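A short worksheet on the structure shown next.
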Amino acid sequence: MSNAAAPATEGSDRTVPLHVAIIMDGNGRWAAARGLPRAEGHRRGVEALRRVVRASHELGVLYLTIFSFSSENWSRPATEIGDLFGLLRRFIRNDLATLHRDGVRVRVIGEREGLDADICALLNEAEELTKANSKLNLVVAFNYGSRQEIAKAAQRLAREVAEGKRDAASIDADQLGQYLDAPDIPDPDLIIRTSGEQRLSNFLMWQAAYSELVFVPIHWPDFDKAALESAIAEYARRERRFGGLAAKTGS
């Protein structure tokens, strides 16, 4: 994801965004409102993810990026982190075959250094098994932080300058974008955050430069196809200018 000027929508007549990114927020609050443990909220959040992956393909979305575990989540209690990692293990082991059968390509962005060896192996397996699929690209932001991603890209460019491989004056937004995670993936047209919070929380901050943002009040475990359709309808009603004249997404 590296486009410096505008997100991915191909032509002004496309009402469905090519790339949707989602901050899946509110599992814990969903559970607390029902007197349930937070782990149950995370489990139900996985069910919501299954629904949304299916709905994205049905609606014509080609790229779906989900914020599954942020670099800041390490500050949570160890028991909750263990629950989250356990859900990831089960999701890949139980759902990977289905994703592959349905033509979903899995991509993973974020830091893998320091993760348990079996987690890294599962992530690698998911990417390798599905790399030839093309019906939907499911991009999993795991152990991911946007500031860290940008800093890594800057470090790589700085090393090339120090080694004499690059002139510092040649570095521009496009060049830096090529050193971000998954630079071949177009920037998101639409970013959705559930649970009513209205911030990016260190998610795709570079790539979100021209994304439409939709904040919905429902908690992630209750998110479904209808909620996704509603967010896409809001996106389609907006005029997108990209610094120039207005261009309605659906006109």
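The values are calculated or read from the model by the stated rules, or taken from the named source; none is laboratory data. In this text, all values refer to a predicted model and were calculated from it rather than measured experimentally. Here the Cβ positions follow ideal geometry from the backbone for every residue, glycine too, while neighbour counts run over all protein chains shown. To get the accessible areas, we keep the full protein, side chains included, count just its heavy atoms, and leave off ligands, DNA and RNA. Shrake-Rupley method; radii C 1.70, N 1.55, O 1.52, S 1.80 Å.
List of remarks:
- Neighbours by Cβ (under 7 Å, 6+ apart or cross-chain): first from segment 114-134, under 11 Å from Arg93 (Cα atoms); second of a type in the set (Lys, Arg): Leu122/Arg89; Leu123/Arg112
- Residue within segment 126-137 that is open to solvent by 30 Å² or more (accessible area, probe 1.4 Å) and within 16 Å of the chain's Cα centre (by Cα) present: yes
- Single match in Ile185, Ile191 (criterion: in a loop (DSSP other than H, G, I, E, B) and in contact (Cβ under 8 Å) with a residue 24 or more places away in the chain): Ile185
- Some residue of segment 150-164 being open to solvent by 50 Å² or more (accessible area, probe 1.4 Å), more than 27 Å from Val53 (Cα to Cα), in contact (Cβ under 8 Å) with a residue 12 or more places away in the chain and of a type in the set (D, E, K, R): yes
- Of the residues making up segment 219-230, those that are of a type in the set (Gly, Ala, Ser) and more than 13 Å from Met24 (Cβ to Cβ) are Ala226, Ser230.
- Candidate set: segment 91-113, residues that are without any contact (Cβ under 8 Å) to a residue 12 or more places away in the chain and not hydrophobic (A, V, I, L, M, F, W, C); chosen: the one farthest from Glu128 (Cα to Cα): Glu113
- Considering only residues in segment 67-104 that are of a type in the set (Gly, Ala, Ser) and under 18 Å from the mean Cα position of the chain (by Cα), the one that is least open to solvent (accessible area, probe 1.4 Å) turns out to be Ser70.
- Total residues in segment 51-83, condition modelled with pLDDT of 95 or more and either charged (D, E, K, R) or over 29 Å from Gln207 (Cβ atoms) (or both): 3
- Residue identified as among the acidic types (Asp, Glu) and open to solvent by less than 30 Å² (accessible area, probe 1.4 Å) among Asp172, Asp187: Asp187
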